[in-house]
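Student: Can you read through this structure? Questions will come right after.
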Amino acid sequence: REGSVTIPAGVGTIDSCAFELCRLVTAISMSDDVVSIGMSAFEECTSLRSVRLSQSIDVLPFAVFANCESLEDVSLDRVESIGQDSMMGCLSLRELYIPDSVSEIDRKAFRLCSSLETVRLGRNVSYIAAYAFLECDSLAWVDVDPENPYFTSVDGVVYTKDMKELVFHPPAMDTDSYVLPSTVEVVRAGAFIGC
């Protein structure tokens, strides 16, 4: 199958691995009837450039878009949880907006998104797992919505809102040295990995 694919109205579930290795599919559009997507559903769809998710999807499961190396645009407007490895190896992602609907980002969710340069976290992100942005070697800046009660960013570096924990320092930030604020008591696992 090649080109654009529309999931027809009435389909409620896309099973695990349903489109895995469909390397000629370039776009996916689904009606809001789709309420769940299985693990690895679109894994290694290497030509997939854009995805219009159903407004009923609230979880991106394990490896759902893993190694979709051409993926540039995916709407996460209603998603609440970005699962482990769900966007791993999306090599064409350059900018990422995590919308206000998202509350958690699991381990290695964006691992190996090697072209990703900037990330903006919405106001409701309350959990960022260790290594969420592992091997995002081009990532130079993370911005956090000022209304987020859990996290804040200072010059592109992510801290807990109370400034007691350093959560993540972007690996591609152009700096020779970094001084931790005096309020910091904890540096989280993987905070400086790849720097």
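The values are calculated or read from the model by the stated rules, or taken from the named source; none is laboratory data. Predicted model only: the values in this text are computed from it and were never measured. When we count neighbours, we look across all protein chains shown, and the Cβ atoms used for this are built from the backbone with ideal geometry, even at glycine. Surface accessibility is based on the protein's heavy atoms, side chains included, excluding ligands, DNA and RNA. Shrake-Rupley method; radii C 1.70, N 1.55, O 1.52, S 1.80 Å.
Student: What are the ³J(HN,Hα) values, in whole Hz, obtained from phi via the Karplus relation 6.51 cos²θ - 1.76 cosθ + 1.60 with θ = phi - 60°, for each residue of segment 187-195 in sequence order, with x given for Gly and Pro?
Tutor: 10, 5, 4, x, 4, 10, 5, x, 7
Student: Give me the percent of the accessible area of the chain that comes from carbon and sulfur atoms, probe 1.4 Å, all protein chains in place.
Tutor: 46
Student: What spacing in nm lies between the two simple spin-label points modelled at S92 and E147, each 7 Å away from Cα in the Cβ direction?
Tutor: Here the answer is 3.3 nm between the modelled labels.
Student: Looking only at segment 124-140, which residues have a backbone nitrogen under 15 Å from a spot 7 Å from the Cα of A189 in the C-beta direction?
Tutor: Counting only backbone N, you get 128-134.
Student: Working only with C-alpha atoms, what are the Rg and Dmax values of the chain, expressed in angstrom?
Tutor: Reported Rg and Dmax, both Å: 17.0, 57.
Student: Find, to one decimal place in angstroms, the Kirkwood hydrodynamic radius of segment 1-94, where the mean of 1/r is taken over every pair of different Cα atoms and then inverted.
Tutor: Kirkwood radius, segment 1-94: 12.6 Å.
Student: Expressed in nm to one decimal, what extension gain is obtained for the pair D73 and Y178 from 0.36 nm per residue of sequence separation less their Cα-Cα distance?
Tutor: So the extension gain works out to 34.5 nm.
Student: Hey, another quick one. Report the charge-dipole magnitude of the chain in Debye, nearest 20, computed about the Cα centre from +1 at each Lys and Arg Cβ and -1 at each Asp and Glu Cβ.
Tutor: So the dipole magnitude of the chain works out to roughly 160 debye.
Student: So how do V59, V158 rank on accessible area, 1.4 Å probe, biggest first, that is with the largest at the start?
Tutor: The ordering from most to least exposed comes out as V59, V158.
Student: Could I get the Rg over Rh figure for segment 146-187? Both from C-alpha atoms, Rh via Kirkwood, rounded to two places.
Tutor: 0.96
Student: Right, something else. May I ask you to give the solvent-accessible area per residue for the chain, in square angstrom, as obtained with a 1.4 angstrom probe?
Tutor: 47
Student: Would any residue of segment 175-194 have its amide N under 13 Å from a label point 7 Å out along Cα→Cβ of D155? List them or say none.
Tutor: Label zone hits: 175-182.
Student: Counting pairwise Cα distances across segment 126-166, what percent come out greater than 16 angstrom?
Tutor: Looking at segment 126-166, the distances longer than 16 Å represent 35 percent of pairs.
Student: Volume per residue, Å³, of the convex hull around the alpha-carbon atoms of segment 95-195?
Tutor: 82
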